[in-house]
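Encoded as structure tokens, the structure appears first; notes follow it.
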Amino acid sequence: MRIDIVSLFPEFVEQCAGFGVTGRARERGLLDLHGWNPRDWAEGNYRKVDDRTFGGGPGMVMLVEPLRRCLAALRQADPLPPRVVYLSPQGRPLDQARVRELAALPRLALLCGRYEGVDERLVQAEVDEEISIGDYVLSGGELAAAVVVDAVARLQEGALNDAGSASQDSFEDGLLDCPHYSHPVEHAYGTVPEVLRSGNHAAIARWRRQQALGRTWQRRPDLLAGRVLSKADQALLDE
Ligand code: SAM
């Protein structure tokens, strides 16, 4: 998969994507990341990329032209047409289902705003969708872009050492994940549940399912709202 980052600080996103699973995905050639700085397409000695907002009020706005030229160059750099995503607090909140869809695309271009954001005309003309990473305001889209890159990178086939582990993560089947334990069995903070040491795979699977259901019910009841549980799941939850 190819991801293009359009940002005044593209190195920031590239750095974030240099570690762990994301770094490995890049090393393995599963993720091809390219940074684009609209300042390189700005004119004049100062390479101006922002200006005051019409109508008055505080804050600057990212200009149409440097971004338009930057996106045109980005489109020309590879024949694959990118899906252009503007990271914005006004976008659709990102969830795992959308991450899966984005991860299946061949090419993504992530547009990071700064200041008051991007001139609306550029958004209307060039952007395919807006994505928010939560109901709070960041000073720039770079952290949000890094979140998208990380979430889609780990879903690329071959990125995770254990291919099955992503399918057991929270949200994949609409539930939160069960708790996990490792060595030592005994610790001042507690003991690893006996069932997990039993070697009884059916009992372990049942315990994990019950924990996942219970945690979801306690912590994120919204995930269960409107969901019809199977008789087996309902029985586990009622126990
Ligand atoms: N004036 C904008 C508003 O209130 O909707 C906020 C602009 S914000 C200070 C600057 C940039 O940060 C935005 O253009 C966007 O790219 C990014 N950003 C801020 N919060 C975000 C969020 N929750 N999700 C994704 N991107 C965000």
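The values are calculated or read from the model by the stated rules, or taken from the named source; none is laboratory data. All of these numbers come straight from a predicted model, not from anything done at the bench. Note that we place each Cβ from the backbone using ideal geometry, even for glycine, and neighbour counts take in every protein chain shown. These area figures cover heavy atoms from the full protein model, side chains too; ligands, DNA and RNA do not enter into them. Shrake-Rupley method; radii C 1.70, N 1.55, O 1.52, S 1.80 Å.
Most tightly packed first, judged by the mean number of other beta-carbon atoms within 10 Å of their residues, the peptides 211-217, 2-8, 27-33 read 2-8, 211-217, 27-33. Cα axis of helix 201-219 to longest principal axis of the chain: angle in degrees, 0 to 90, nearest 10? For 201-219 against the chain, the angle is about 50 degrees.
Let me check I've understood the local charge: for VAL84, count other residues with C-beta under 11 angstrom from its C-beta, Lys and Arg +1, Asp and Glu -1. What total comes out?
Working: positive: ARG75, ARG83, ARG107; negative: ASP4, GLU126, ASP128, GLU129, GLU130.
Every neighbour counted, the sum reads -2.
Our coupling estimate for the range 186-195, obtained by passing each phi through the Karplus curve with A = 6.51, B = -1.76, C = 1.60 and θ = phi - 60°, is 9, 8, 4, 7, x, 10, 5, x, 4, 4 Hz, Gly and Pro reported as x. Protein heavy-atom accessible surface, 1.4 Å probe, per residue over the chain: 58 Å². State the percentage of accessible surface on the chain attributable to carbon and sulfur atoms; use a 1.4 Å probe and exclude ligands, DNA and RNA. In the chain, the share of accessible area belonging to carbon and sulfur is 51 percent. Looking at the chain, the DSSP beta bridges with both ends there are about 20 percent antiparallel. Dipole check for the chain: with +1 at the C-beta of Lys and Arg, -1 at the C-beta of Asp and Glu, and the Cα centre as origin, the magnitude is about 240 Debye.
Taking the Cα centre as origin and putting +1 on Lys and Arg beta-carbons and -1 on Asp and Glu beta-carbons, what dipole magnitude results for the range 1-143, to the nearest 20 debye? Walk me through the numbers before you get to the answer.
On the way: 18 positive and 22 negative charges, 62 e Å.
Result for the range 1-143 is approximately 300 debye, rounded to the nearest 20.
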